[in-house]
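Participant: I have a structure I would like to understand better, so I am pasting it below and will then ask my questions one at a time.
The values are calculated or read from the model by the stated rules, or taken from the named source; none is laboratory data. Since the structure is predicted, the reported quantities are computational estimates derived from the model, not experimental observations. Here the Cβ positions follow ideal geometry from the backbone for every residue, glycine too, while neighbour counts run over all protein chains shown.
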Amino acid sequence: MSGTAFILDGYVDEPACLGVPPYISPYIRTVAGALASHGFTVRYLTIDQLRKDPARTFELNKAGLFVMIAGITVPGKYLGGTPATLTEIQQAGHMVRGPQKLLGGPIGFGYAGEGGK
């Protein structure tokens with residue numbers, strides 16, 4: 001399989017993961033490497049970029065594969081971006097209609113409005 005794969009980074013905030021800007025989580029790097037090794041051209045977009053310009057959904061719809069990686073939020077202030085909310089994850093799933101869709105990261109185990117409780 002080949003073509004374009006778009007990764008939407010909803011951010012993963014886990015201890016030692018460093019998945020919120022200015023860092024890129026190991027989940028994103030692993031998925032990008034696996035896709036590239038299978039012939040995909042990998043494109044990358046953050047949830048913050050999509051928040052600023054929702055019209056970029058057009059780019060996501062042109063891909064053959066759409067992968068969103070997201071996780072839970074933890075209490076405190078973020079240096080860079082803010083992790084995707086459950087509503088944003090659901091909206092991304094509804095707005096992206098063309099490609100096959102995959103959801104990965106800790107979000108697969110559930111969602112909480114804040115961590116530690």
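Participant: As an exercise: evaluate Ile24 against (1) modelled with pLDDT under 90; (2) loosely packed, with under 14 Cβ neighbours inside 10 Å and give the number of the one condition it does not meet.
Facilitator: Status for Ile24: all satisfied but (2).
Participant: Also: Take the conditions of a type in the set (Val, Ile, Thr), surrounded by 13 or more Cβ atoms within 10 Å (Cβ to Cβ) and modelled with pLDDT of 90 or more and apply them to Val31. Does it pass?
Facilitator: Against the criterion (of a type in the set (Val, Ile, Thr), surrounded by 13 or more Cβ atoms within 10 Å (Cβ to Cβ) and modelled with pLDDT of 90 or more), Val31 qualifies.
Participant: Working only within region 4-16, note down all residues that are at pLDDT 95 or above and in contact with a Phe, Trp or Tyr (Cβ under 6 Å, 6 or more places away or on another chain).
Facilitator: Result: Ala5, Phe6, Ile7.
Participant: Still on this structure, I have one more. Would you check which residues across region 85-116 are part of a loop (DSSP other than H, G, I, E, B) and either touching a Pro at 6+ places or on another chain (Cβ under 9 Å) or modelled with pLDDT of 90 or more (or both) and list them? Full working, then the answer.
Facilitator: Taking region 85-116 as the starting set, the residues that turn out to be part of a loop (DSSP other than H, G, I, E, B) are 85, 96-99, 105, 110-116.
Within region 85-116, Val96, Arg97, Pro99, Glu114, Gly115, Gly116 qualify.
Participant: For Ile69, indicate whether it is farther than 16 Å from Met95 by Cβ and touching a helix residue (DSSP H, G or I) at 6+ places or on another chain (Cβ under 8 Å).
Facilitator: It is true that Ile69 is farther than 16 Å from Met95 by Cβ and touching a helix residue (DSSP H, G or I) at 6+ places or on another chain (Cβ under 8 Å).
Participant: Could you please give the count of residues in region 41-72 that are under 12 Å from Ala5 (Cα atoms) and out of contact with any Gly (no Cβ under 6 Å at 6 or more places or on another chain)?
Facilitator: Final tally of qualifying residues: 12.
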